[in-house]
Amino acid sequence: MGSKVRLNTDWLSDCGGCHIAIVDIHERILELLGAIELQRCPVLTDIKGYPDADLGLVSGAIRTEHDRHSAEAMRKSCKRIIAFGTCAVYGGVPGAGSVHTREQILDYAYGHNPTTEGHTLPADGVDSLEKLVTPIDEVIEVDLYLPGCPPHPAFIFDALLAVIEGRPPKAKDETVCARCHRRMERTEVSHVLANHDGIANRTQCFLSQGYVCLGSVTLDRCMAPCPNNGVVCTGCAGPTMQVLTEPNRDIRTEVGDRMAALTKIPRKEVIESIERAAKTHYAYAMATEMIGKKPTFLIEKWVAAIEEEGQP
Ligand code: SF4
Ligand code: SF4
Ligand code: SF4
């Protein structure tokens, strides 16, 4: 192997979970460290600058001037950039803030938060929030996308190894269903259930039982831990390319069609149920334009209201 791949990482507006997931590679990280020179990494190194690097991992979305500066500094210093995690790729959970004003968000976080004392808004030395969350590829060029909240360490390991070995990543364009052990079966179920209604059968697909599960419209970058452990998928790795790129495919309609085919539940009831919980079902990709332009009229309506009137 030739000289080591110089790696910079940075996190923008995010929870830090994607960087922690790097550590979850566990002992196989030693294989990478033999080929990577970890230069800048906020959780591991104390380098404030941006040394020239071969590869950059950027997690988090853009919501402040500081985020923009960091993203641009990473782009300038790194030959290749990986948008690392759902926040970087689609805006992630912070994107759900698009349907609230900045004042509402700050008030909820600081003003009337029962777990904080003093209820003082941060002011000195803190950038103000931009109006909306922006995925990083709307600000800098991205070479590789690795969604996941966080991506499973196996996918992180493969993406890094792929760059080291100069090959494409092995990750396939499969849905969460591909790794889910539950069976899709036709049933007589006639109404959508809330997640807390009853006790779900452990082997049958959630859709067959009346629970809304987004596994079939979500890219597998996680190995399906939720449905395999009794919890519906809420789509944290973001939509499949098919859903993203085909104008008339949408999370609501895709799941509505599938659930109506498996059960006696009318498609309309499924779609309305997904709309009522839109901040759950669209939270992770709400900030990306590809979803914003879909016929997901609730999101368009909410975002338009924020832009025009400052109210949801
Ligand atoms: S993608 Fe998920 S785990 Fe990663 S930074 Fe965003 S919220 Fe955290
Ligand atoms: S829809 Fe959910 S429960 Fe059904 S197969 Fe897919 S991931 Fe599993
Ligand atoms: S919510 Fe879905 S995409 Fe996210 S970890 Fe669970 S199964 Fe994977």
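Here, each number is a calculation from the coordinates, and none is a lab measurement. Because the structure is predicted, anything quoted here is derived from the model rather than measured. Reconstructed Cβ throughout: ideal geometry from the backbone, glycine too, with neighbour counts over all protein chains shown.
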Could you give the length gained on full extension between Met290 and Glu31, defined as 0.36 nm per residue of separation minus the Cα-Cα distance, in nm?
89.6 nm
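Taking the highest mean first, how do the peptides 185-197, 62-74 order by number of other beta carbon atoms within 10 angstrom per residue?
Details: 185-197: 12.8, 62-74: 19.1.
The peptides rank, most packed first, as 62-74, 185-197.
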Starting from the Cα of Glu141, step 7 Å along the direction of its Cβ; do the same at Glu72; then give the gap between the two resulting points in nm.
1.7
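Determine the gain in length on full extension of the stretch His181-Ala162; use 0.36 nm per residue of separation and subtract their C-alpha separation, reporting nm with one decimal. Walk me through the numbers before you get to the answer.
On the way: separation 19, 0.36 × 19 = 6.84 nm, distance 2.84 nm.
Length gained between His181 and Ala162: 4.0 nm.
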Acute angle (nearest 10 degrees) that the helix 297-309 long axis makes with the longest principal axis of the chain, alpha-carbon atoms
60
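Can you put Asp24, Asp158, Asp10 in order, fewest other beta carbons within 10 Å first? Walk me through the numbers on the way to the answer.
Details: Asp24 14, Asp158 17, Asp10 22.
Fewest-to-most ranking of Asp24, Asp158, Asp10: Asp24, Asp158, Asp10.
Given an 8 Å cut-off on Cα distances and at least 6 residues of separation, report the relative contact order of the chain as a percent. Show your work: numbers first, answer last.
Details: 615 pairs, mean separation 57.2, N = 312.
Across the chain, relative contact order equals 18 percent.
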Determine the percent antiparallel among the DSSP beta bridges restricted to the chain, to the nearest 5.
15
For the chain, give the magnitude of the charge dipole about the Cα centre (Cβ charges: +1 Lys/Arg, -1 Asp/Glu; no others), in debye to the nearest 20.
1040
Span from the region 24-72 Cα centroid across to the region 251-279 one, whole angstrom:
40
Highest mean packing first, using Cβ neighbours within 10 angstrom, the peptides 54-61, 131-138 sort as 54-61, 131-138
Per-residue Cβ contact counts at 10 Å, fewest first, order Ile47, Ile291, Ile156 as Ile47, Ile291, Ile156
Can you tell me, using C-alpha contacts under 8 Å and at least 6 residues apart, the relative contact order of region 5-165 as a whole percent?
30
Each residue of region 45-58 in order: what ³J(HN,Hα) in whole Hz does its phi give by Karplus 6.51 cos²θ - 1.76 cosθ + 1.60, θ = phi - 60°, with x for Gly and Pro?
10, 10, 9, 8, x, 10, x, 4, 9, 7, 9, x, 9, 10
In this structure, among Lys172/Lys268; Lys4/Lys76; Lys131/Lys268, pairs with alpha-carbon gaps over 22 Å are Lys172/Lys268; Lys131/Lys268
Where does the charge balance sit around Asn228 when Lys and Arg score +1, Asp and Glu -1, over other residues with C-beta under 10 Å from its C-beta?
+3
Difference of contour (0.36 nm per residue) and Cα-Cα distance, Ala109 to Asp197:
28.7 nm
How high is the relative contact order of region 176-281, in percent, counting Cα pairs under 8 Å that sit 6 or more residues apart?
31
Between Leu193 and residues 5 or more places away or on another chain, which pairs have amide H atoms under 5 Å apart, with H built 1.01 Å from N, and which residues are they?
Tyr211, Val212
Degrees separating the helix 251-262 axis from the principal Cα axis of the chain, which is the longest one:
40
